[in-house]
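A short reminder: the numbers here are calculations on the coordinates, not readings from a lab. Keep in mind it's a predicted model, so treat the numbers as computed, not measured. Please note: Cβ atoms are built from the backbone with ideal geometry, for glycine as well, and neighbour counts cover all protein chains shown.
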Amino acid sequence: MYPTRTGVNPSFDDLSSFALDIESGVLRIRIADLSDRLSSDVLKGSRLKKAFLSVHGKQIEVKGKLSKGVSLADRDDRECQRIG
């Protein structure tokens, strides 16, 4: 975390007072919460609607509907790792 303005101490109460330089980290979120978030507003304006995520072993499956009515079910071969 570093200040964005000279002579002003960074404060979480003033989001414009600092910037973060994150090189690595861990994100923890329940798959149901992520799925709900995608369906609510994250994909707003995109062609993908009704996005739904599910876990199959170490893989995440994404299902949804493209705006032209094409069904989408895609499996990616990348694996997820549960931490904790």
message = Student exercise: in the range 2-75, how many lysine pairs 8 or more apart or on different chains have Cα atoms under 18 Å apart?
response = 9
inquiry  = Report, to one decimal in Å, the Kirkwood hydrodynamic radius for the range 26-69 based on all distinct Cα pairs.
reply    = 11.1
query = Binned at 5 Å from 0, what are the whole-percent values of the Cα-Cα distance distribution for the range 2-75, short to long?
reply = 3, 13, 15, 14, 12, 11, 10, 10, 7, 3, 1
key: Computed label-point distance, nm, for sites residue 42 and residue 11 using a 7 Å Cα→Cβ extension   = 3.2
ask   = Fully extended, how many nm does the chain gain between residue 63 and residue 22 (0.36 nm per residue separation, minus their Cα-Cα distance)?
value = 11.7 nm
